[in-house]
Each structure stands twice: as structure tokens, then as C-alpha cells.
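Working notes, structure below.
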Amino acid sequence: MACSSCAIYQKLDSLASAYSHKTFDVVAASTIKFYGVVVTLWLLWQLGVNWLYKGDIDKVDLAKTFVCFLIVGLFLKSSGYYWDYVYDPIYNTTIKLAQAVISSSPGQVPGDRIESMLQIVETELGRIFDLQKMISADTSFYQLPTMIGGMVLVLPFVFIWGLFLAYTVDAIFSFLVISALAPLYILCAAFLSFRGFSINALRIILQGCLTVVFASVAMGFTIAVLKHFMATVPINGSGTTEGAASWVFSKEYWNLFLIGFISILFHLKASSIAGVISGAGGGPGAAGAVVGAAMMAAGVAQMATSKVGAKAMKLGGTGADKLFEATKTGKYAFAKPGD
């Protein structure tokens, strides 16, 4: 099936990358001129005042500072140094770690982009949506509690899907907000008094990367547990359910339902832990919760229109009469399909 979360991420990632590259070049052009003036004045002061006039100069400290200025100047002069030696290594390492912990067979994960990881997540969580479709197909419109039970089972996992996508998008923004103004942070790294700005910028990037990695741990756990409890669903060789009505509201059903909410807690905790370790403050838990809630609402609307609406459309003639009679006699929710 098509990977909708991959399409969302790929579009945002391409736009953010193009914007950050363009902004980097524009800011770097002005920054390198200012930096050149500052370094020139520093050299004149050190060589003209401290060395020739005062005769007091620390050659070791001068050499260290000059090397630092030279390295910073190289990063400012060419944007390729930043993308090749800072951005790409951090990005690729994050993706490899996330893929390793989210897949039960890391060596079989295709590709080296985050889209392949999102494809795995969507495929594995898609088992829940397939299960909901099987439950709806195995029940009739008269078995309303069972049908609703199948729909309710999906809700926490739709929320998890939204949370995980939100955290990956948050990593995009972390890279974007730092990379777009990276020349300024690189400039600050050259001066001890302003080096704290550069360190905080690295912490923001670290927070975004750790959030993705820790959320991948939570998602990997969710997928492993999901596979375990999906084995309890009565599915025959043709891929359809047998007696789904008896499985809904069983002990295994409630176990799977509760695991969904526990996984939500783990995902929210992942962002908090990332914020603590990176030292950049709170994680993107609130934003992730908003996106997760929005995707859950969209999932509810889709299921309500596609499943319940389809069942209602199939009722015609005597079927509608039976529904009316069942409602009057109070047997609406408990009547068997053959009654």
C-alpha cells in the first residue's frame, strides 16, 4: 500500500533542505565579510600592539586561536564543509540507529533514508487496520458493540502513528532552524564569549536526533508486542477471520488495547528523555500529541464513513424492517445475523 507518512515526510524534508541550503548561502555571504574584518583587527592587535609595542605575546595561545579562526573560516567560506562534515554524518547516524532499533531484523531494512523506516512503521501498524476491516467483515450491522469494539481498538495505534510521524518532522525542524542560521553559530564558535550559542545549537540538533531514536525504541517495542498479540486473532490460511466476534472483548483483545495506550506513554516519555539528555529543555511532546490527536480523529472519521456507512447502505428492504423491529424490541445490539 502507499506510504502516506512517507509522502508527508519526503515533501517537508525536500522543502526544508532547499530552504536551509539557500538561507545558509545568503547568511554566509554576509557573515564571512564580517568575520574577515574581525580576524584582521584581531591580528593587527596581536601583532602590532601586543607583540611590537608591548613585547608581550603568548605564541602558543596565539597559534591555537589562529588555527581555530582558520577552521571556522573554512566552514564559513564553503557550505559544503557544514553539509558534508556536520549535517550528513549526524543525519545518517540518526537514521541508522533508528532503523536498527525499530526493526526486528536490522540487516533487512531497505534503503538508508528515513522514508524506509516510516514504510516499516506504516506496514506493521497497518495490521491493526486490516484486523479492523476483518472484524467489520465478520460482523453484521446488528452486532453493533462488536463493530464498535473493532473500531475502538484502532484508536490508540492511530495516535501512536501520529506521534511517531510528529517526532520525525520535529527532527526536520531542528535541523532546519539550526542549518538556516548555521553561519552565525559557526561564527560564535570562534569566540569563547559566544561559544555557548554554538553549544546550544548542537544541543537542539541532538535533541531532535535523540527524540527520533528513542521514539524508534518505543515503536520497535510496539511492533514486537503487536506481532505477539496478533497471533491470538483467529485467522485462517486465506487471511480472513473466523469467529472474530468471539475474539473481540476477550482477554487478548483488551491486552492489545491497553498495550496501545502504554505505547503512547512510551512515545511521550521518549521526547522527555531526549530533552533531558541533550540539555535543550522539554521535548516536542505537546506538538506530537496534537498531531497524534488529529490523525486519530481523521482515522475515526474514515472508519465511520467507510465501514458503518457501507454496512448501512447494504441494509435494504427486509433488512431495514428487521432493524426497525429489533430497535423496538430492544434486541438491536444483541440479535444474531440470522435472526
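Name the single residue, out of those in segment 1-46 being of a type in the set (S, T, N, Q) and modelled with pLDDT of 85 or more, that is nearest to Lys59 (Cα to Cα). Spell out how you get there, then give the answer.
Within segment 1-46, the subset of a type in the set (S, T, N, Q) is 4-5, 10, 14, 17, 20, 23, 30-31, 40, 46.
Now drop any that are not modelled with pLDDT of 85 or more, which leaves 10, 14, 17, 20, 23, 30-31, 40.
Working: Gln10: 51, Ser14: 47, Ser17: 42, Ser20: 39, Thr23: 38, Ser30: 31, Thr31: 28, Thr40: 17 Å.
Among those residues, the one meeting the criterion is Thr40.
Being assigned to a helix (DSSP H, G or I), crowded, with 16+ Cβ neighbours inside 10 Å, of a type in the set (A, V, I, L, M) and modelled with pLDDT of 90 or more: is that true of Ile264 here?
Numbers: assigned to a helix (DSSP H, G or I): yes; crowded, with 16+ Cβ neighbours inside 10 Å: yes; of a type in the set (A, V, I, L, M): yes; modelled with pLDDT of 90 or more: yes.
Against the criterion (assigned to a helix (DSSP H, G or I), crowded, with 16+ Cβ neighbours inside 10 Å, of a type in the set (A, V, I, L, M) and modelled with pLDDT of 90 or more), Ile264 qualifies.
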Subset of segment 185-198, residues part of a helix (DSSP H, G or I), surrounded by fewer than 18 Cβ atoms within 10 Å (Cβ to Cβ) and hydrophobic (A, V, I, L, M, F, W, C), comes to Leu192, Phe194, Phe197
Whether any residue in segment 208-223 is outside any helix (DSSP H, G or I) and either in contact (Cβ under 8 Å) with a residue 60 or more places away in the chain or not aromatic (Phe, Trp, Tyr) (or both) is what I want to check. no
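When you check Asp130 against the structure, is it touching a residue at least 40 places away in the same chain (Cβ under 8 Å) and over 13 Å from the mean Cα position of the chain (by Cα), yes or no?
Details: touching a residue at least 40 places away in the same chain (Cβ under 8 Å): no; over 13 Å from the mean Cα position of the chain (by Cα): yes.
It is false that Asp130 is touching a residue at least 40 places away in the same chain (Cβ under 8 Å) and over 13 Å from the mean Cα position of the chain (by Cα).
Looking for something within 22 Å of Ile8 (Cα to Cα) and not small (Gly, Ala, Ser) - is there at least one such residue anywhere in segment 183-206?
Quick first cut of segment 183-206, residues within 22 Å of Ile8 (Cα to Cα) only: 205.
Applying the additional criterion that residues be not small (Gly, Ala, Ser) yields 205.
Scanning segment 183-206, I find at least one residue that is within 22 Å of Ile8 (Cα to Cα) and not small (Gly, Ala, Ser), so the answer is yes.
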When (1) modelled with pLDDT under 85; (2) under 30 Å from Phe34 (Cβ atoms); (3) of a type outside the set (A, V, I, L, M, F, W, C) are applied to Ser140, the one that fails is (2)
For Val248, the lone unmet condition from (1) β-branched (Val, Ile, Thr); (2) at pLDDT below 85; (3) surrounded by fewer than 19 Cβ atoms within 10 Å (Cβ to Cβ) is (3)
For segment 189-216, the count of residues that are within 24 Å of Glu115 (Cα to Cα) and of a type in the set (Ser, Thr, Tyr) equals 2
**Item:** Residue within segment 169-180 that is in a helix (DSSP H, G or I), touching a Gly at 6+ places or on another chain (Cβ under 6 Å), of a type in the set (A, V, I, L, M, F, W, C) and closer than 30 Å to Val233 by Cα present
**Value:** no
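The values are calculated or read from the model by the stated rules, or taken from the named source; none is laboratory data. Here the structure is a predicted model, which means the values were calculated and not measured. So basically every Cβ, Gly included, is an ideal-geometry build from the backbone, and we count neighbours across all protein chains shown.
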